[in-house]
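Derivation of every value follows stated rules applied to the coordinates shown; laboratory data play no part. In this text, all values refer to a predicted model and were calculated from it rather than measured experimentally. Heads up, the Cβs are rebuilt from the backbone with ideal geometry, glycines too, and the neighbour counts pull from every protein chain shown.
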Amino acid sequence: MAIGEFGGAPQMPAASGPMLSTPLYWFYELSHAALSPSRALADVTRLYFKNPLNPLAHTTMGKSIAAGCELFERSTRRYGKPEWGIESTLIGGERVPVHISSIWERPFCQLLHFERMLEHPPHRPQPKLLIVAPMSGHYATLLRGTVEAFLPNHDVYITDWVDARMVPQTKGRFDLDDYIDYVISMLHRLGGGCHVIAVCQPSVPVLAAVARMEADNDPYAPQSMVLMGGPIDTRNNPTGVNKLAEQRGIEWFRRSVITKVPFPHPGVMRDVYPGFLQLNGFVSMNLNRHLDAHHELFFHLVDGDGDSAQKHREFYDEYLAVMDLTAEFYLQTVDTVFVRHALPKGEMTHRGQRVDAAAIRNCALLTIEGEKDDISGVGQTEAAHALCVNIPADRKAHYLQLGVGHYGVFNGSRFRAEIAPRIADFVLSNHAGAAITSVHRRRVSAVR
């Protein structure tokens, strides 16, 4: 089920005017707690009417009651962070175990390494690949399929962002400058010879991080960067999300969607853009589709279609699991990227120094867009090429994937069949020490 806004840029709220946001989180927690007895009762009732020893469990009425109770419980629960569930990968026809570990940690992020327990050295180069996941509401597990696609031929790392409500105020702030610092620090940790992929929202801070590293002649700057469905220049083919940000202005967002984390969360009193408001924005963009999906789930449960019901559960277990963003990061991102268009105008700064994309000379660039992307419009990511004027033409490429929306840019069947192989060839072609064959050259030229 590919839904366009899944995993996109920080979502704008559906509200049409200012609200008293300061106590909003507290009211949400109160309502969630008030529904706890009802959820428990619904769960007990569901189990009662699904018990095979209960004669009513085999009737349409019993199945309908059980289905209704499951829908109520699922619609009112809070979804925790999903598991990665990646235990192995297939390399050369052999199933290889995968061990996931954290190799770098900061208060708001940890860097995960998907270590493949190889018994024999691989026959081809295995470039280090840093996947920078979006910090836009959903957890990094959203990119599970992205990670799985690259594991057979790459040494994969990914940013695992931390829910802001779980970070005590004593750990300090986190804004867009900190995000860029984190990316640079992780590239240093990986020790050079690395390639980086930015999925949607991170495209701007990753481009900024690479520009700052190249300006400083940093030896740990990546050899290539891939920007996928990112809002580099939202003036190109603006979407509804882009237009709303410009119309409202940053002060509207500050008044309307920023609230404080309530007790008993570790981040109590931290200013955040809460996950439940982001989820409201996600759902409102395709409300009818979500209502239809839950309507279908009810009938799948009544009809005993376990496979279809399980697919629904798996999708929404991921989709409804959201995290809070720090207020300073959210507001600075909206202002810099969507309101002022600071990067394409040459006005973006990092720690007081201007971000100059023209400083990038050695890092290869591949941009990827989806034809039907309703979050980052066509042309917004490709705009990076006009900024990175000093990257040689033979080390730059752009690819437009036909027939996919935002989610399809980094996941799904077309990503696995058409996008991932192009990225792999581009990375290998620009990997220092790798043999660049004519086949690789032909495949990369087909991307342009």
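Looking at the square roots a ≥ b ≥ c of the eigenvalues of the Cα gyration tensor of the stretch 316-383, which shape do they give, rounded for a/c under 1.5, prolate if a/b is larger than b/c, or oblate? Taking the square roots of the gyration eigenvalues as a ≥ b ≥ c, the stretch 316-383 is oblate. The order of 410, 426, going from fewest to most other C-beta atoms within 10 Å of their C-beta, is 426, 410. Across the alpha-carbon atoms of the chain, the computed radius of gyration and Dmax are 22.8, 74 angstrom.
Between residue 418 and residue 33, full extension at 0.36 nm per residue minus the direct alpha carbon distance yields a gain of 134.0 nm. On a 0 to 90° scale, report how tilted helix 275-285 is relative to the longest principal axis of the chain, with both axes built from alpha carbons and the result rounded to the nearest 10. With both axes taken from Cα atoms, the answer is about 90 degrees. In terms of other Cβ atoms within 10 Å, 387, 291, 428 run from fewest to most in the order 291, 387, 428.
With the cut-off at 1.5 for a/c, could you classify the stretch 25-165 from its C-alpha gyration tensor as rounded, prolate or oblate? Can you show the working numbers first?
Details: a/c = 4.05, a/b = 1.77, b/c = 2.29.
Because a/c hits 1.5 or more and a/b fails to exceed b/c, the stretch 25-165 counts as oblate.
Tell me, in nm to one decimal, what length is gained between residue 61 and residue 284 on full extension, where the rule is 0.36 nm per residue of separation less the Cα-Cα distance? Display every interim value, and only then the final one.
Details: separation 223, 0.36 × 223 = 80.28 nm, distance 3.19 nm.
Answer, rounded to one decimal: 77.1 nm.
Secondary-structure-derived ellipticity at 222 nm for the chain, considering helices only, amounts to -11500 deg cm²/dmol, per-run term -39500 (n - 2.57) for DSSP H runs with n ≥ 4.
Let me know the charge dipole size of the chain about its Cα centre in debye, to the nearest 20, where only the beta-carbon of Lys, Arg (+1) and Asp, Glu (-1) is charged.
Details: 44 positive and 47 negative charges, 61 e Å.
For this selection, approximately 300 debye.
The distance from the alpha carbon centre of the stretch 100-169 to that of the stretch 224-240 is 23 Å, rounded to a whole number.
Rounded to the nearest 10 degrees, the angle from helix 24-34 to the longest Cα principal axis of the chain is 40 degrees. Among 321, 215, 393, which one shows the biggest mean-square fluctuation in a GNM of the chain, springs joining Cα atoms closer than 10 Å? Result for the chain, Cα springs under 10 Å: 393 fluctuates most. Checking the a/c ratio against 1.5 first, then a/b against b/c, what shape does the Cα gyration tensor give for the stretch 181-339? Taking the square roots of the gyration eigenvalues as a ≥ b ≥ c, the stretch 181-339 is prolate.
Sorting check: for 312-318, 372-378, which peptide has the highest mean count of neighbouring beta carbons within 10 Å, and how do the rest follow? Could the numbers behind the result be given before it?
On the way: 312-318: 15.9, 372-378: 21.7.
My ranking of the peptides, most packed first, is 372-378, 312-318.
Going from the fewest other Cβ atoms within 10 Å to the most, the residues 60, 239, 381 appear in the order 60, 239, 381.
Take every DSSP beta bridge whose two residues both sit in the chain, then give the antiparallel share in percent to the nearest 5.
Beta bridges within the chain, antiparallel portion: roughly 50 percent.
A dipole drawn for the chain from +1 and -1 charges on Cβ atoms has a positive end, and of 342, 231, 30 the residue lying farthest that way is 342. Remark: spin-label model distance residue 100-residue 175 equals 3.3 nm, labels positioned 7 Å along the Cα→Cβ axis. When the Cα atoms of the stretch 279-339 are aligned to their principal axes, the ranges along those axes come out at 50, 20, 13 Å in descending order. Which of the residue pairs 81/128; 128/171; 63/311; 128/396; 345/372; 128/311 have a Cα-Cα distance greater than 24 Å in the structure shown? Among 81/128; 128/171; 63/311; 128/396; 345/372; 128/311, the Cα-Cα distance tops 24 Å for 81/128; 128/171; 345/372; 128/311. The angle between the Cα long axis of helix 420-429 and the main principal axis of the chain comes to about 30°, on a 0 to 90 degree scale.
Computing FRET efficiency as 1/(1 + (r/R0)^6) for residue 75 and residue 251, where r is the C-beta to C-beta distance and R0 is 35 Å, gives about 0.55.
Under a Cβ-Cβ cut-off of 14 Å, what is the net charge of the residues other than residue 254 that fall near it, where Lys and Arg count +1 and Asp and Glu count -1? Before the final figure, lay out each step's value.
Numbers: positive: 248, 255, 260; negative: 175, 251, 271, 328, 335.
With Lys, Arg at +1 and Asp, Glu at -1, the neighbours total -2.
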